[in-house]
Amino acid sequence: MSDSQRSSAPPSSAQRGSIFLEQARVISQLAYDAEQFVLRVAAPRCAAHAAPGSFAHLTCDAAIPMRRPLSIMRADARAGWIEMLYKVVGRGLHALAARKPGDTVSVLGPIGRPFEPHPGRPRTLLIGGGVGIPPMVFLAERLHEAAAAGGAAGAWKPLVLMGSEIPFPFRPRPSTLIVPGIPDGAIAAMPLLEEWGVPSRLASRSDFPGCFPGFVTQLADAWLKSLGSRELGEVEIFACGPTPMLEVTAQLARRFHLPCQVSLEEFMACGVGGCAGCTVRVRTPAGPAMKRVCVDGPVFDADAVF
């Protein structure tokens, strides 16, 4: 099958006809501390269908046949580009980090079940850890756009909390947006979110200036404790990050009686549901079942997984 055609191996009826194979031109590749990179590529079909929580499967180099799954951090349907954050781990991503503007990479996407915010709970708490940050940025952008559009979607009030033990893949700055309930001294924020008017706060145990000195889940706990029962009734949690962080997030959600959606991180081979190499055990109304993270997820209800 040639590039720029739809994938001939659709993973499920829900995604049939919405996953595309494209030869994507590298627009930019920005390097950050700790071998982190933000890659932007021209992939108009993927950009037109991407949603927060979906990912793209990239070929890193012609000599490396296995693709790598990368969460989509931003997508611009009009301009036709998608943006992904990744940290170099292994030979494949090392090769991807060498790509320059003008190079091409094979992109298969968007893949996966995205986050589904519920308007009845507009006070959305977005928790991202490490390479789990990208879906939270994407979701925050979409909620911001919906709120700016007004109407029934104008009530969204996202709060983004991010945690990292290595330098963040952006240059944090003190927030100008007040967030009641956030511990004193936790003032570091992501500049891009600040520009959108979306409040954010950072957590780290690495003594970074302005960051909450602990786990991002501890920061979330402190904020949730500050809310009254009426405010808690408007909260829904969305999270992506390492499995231990997601487990604690699920515990937080249960303790505060909140709905919670989590995006899982798993090793993947095909990325489109054919190999079943990324299955996880999930609780369903019919009993335990094995689900594929790539196409049945990566977003699941937290209670079903943890």
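The values are calculated or read from the model by the stated rules, or taken from the named source; none is laboratory data. All of these numbers come straight from a predicted model, not from anything done at the bench. Ideal geometry is used to build each Cβ from the backbone, glycine not excepted, and the neighbour counts take in all protein chains shown.
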## Note on the structure
Considering residues that are in contact with a helix residue (DSSP H, G or I) (Cβ under 9 Å, 6 or more places away or on another chain) and in a loop (DSSP other than H, G, I, E, B), the number found within the range 15-36 is 3
### Neighbours by Cβ (under 6 Å, 6+ apart or cross-chain): first from the range 220-243, assigned to a helix (DSSP H, G or I); second of a type in the set (A, V, I, L, M, F, W, C) and modelled with pLDDT under 95
none
### Task
Working only within the range 224-254, note down all residues that are surrounded by fewer than 21 Cβ atoms within 10 Å (Cβ to Cβ), in contact with a strand residue (DSSP E or B) (Cβ under 8 Å, 6 or more places away or on another chain) and more than 20 Å from H118 (Cα to Cα).
P242
### Task
Test P167 against the criterion of being loosely packed, with under 15 Cβ neighbours inside 10 Å, within 21 Å of the chain's Cα centre (by Cα), modelled with pLDDT of 95 or more and under 30 Å from T59 (Cα atoms), and give yes or no.
no
### Task
Would you please list the contacts, defined by Cβ atoms under 6 Å and residues six or more apart or on different chains, that run from a residue in the range 186-213 that is in the same structural domain as E145 (by TED's automatic domain parsing) to a residue that is surrounded by fewer than 24 Cβ atoms within 10 Å (Cβ to Cβ) and acidic (D, E)?
S206/E165
### P117 vs. criteria at pLDDT below 95 and either more than 27 Å from G214 (Cβ to Cβ) or in a loop (DSSP other than H, G, I, E, B) (or both)
no
### Query
In the range 256-303, which residue that is surrounded by fewer than 18 Cβ atoms within 10 Å (Cβ to Cβ) and of a type in the set (G, A, S) is nearest to L70 (Cα to Cα)?
A269
### Summary
Residues of the range 141-164 being of a type in the set (A, V, I, L, M) and modelled with pLDDT of 95 or more, in sequence order, are L143, L159, V160, L161, M162
### Task
Please determine, by comparing only the residues of the range 37-65 that are in contact with a helix residue (DSSP H, G or I) (Cβ under 7 Å, 6 or more places away or on another chain) and outside any strand (DSSP E or B), which one is surrounded by the fewest Cβ atoms within 10 Å (Cβ to Cβ).
C60
### Test: residue in the range 56-69 that is modelled with pLDDT of 95 or more, touching a strand residue (DSSP E or B) at 6+ places or on another chain (Cβ under 9 Å), within 22 Å of P199 (Cβ to Cβ) and not assigned by TED's automatic domain parsing to the domain that holds A250
no
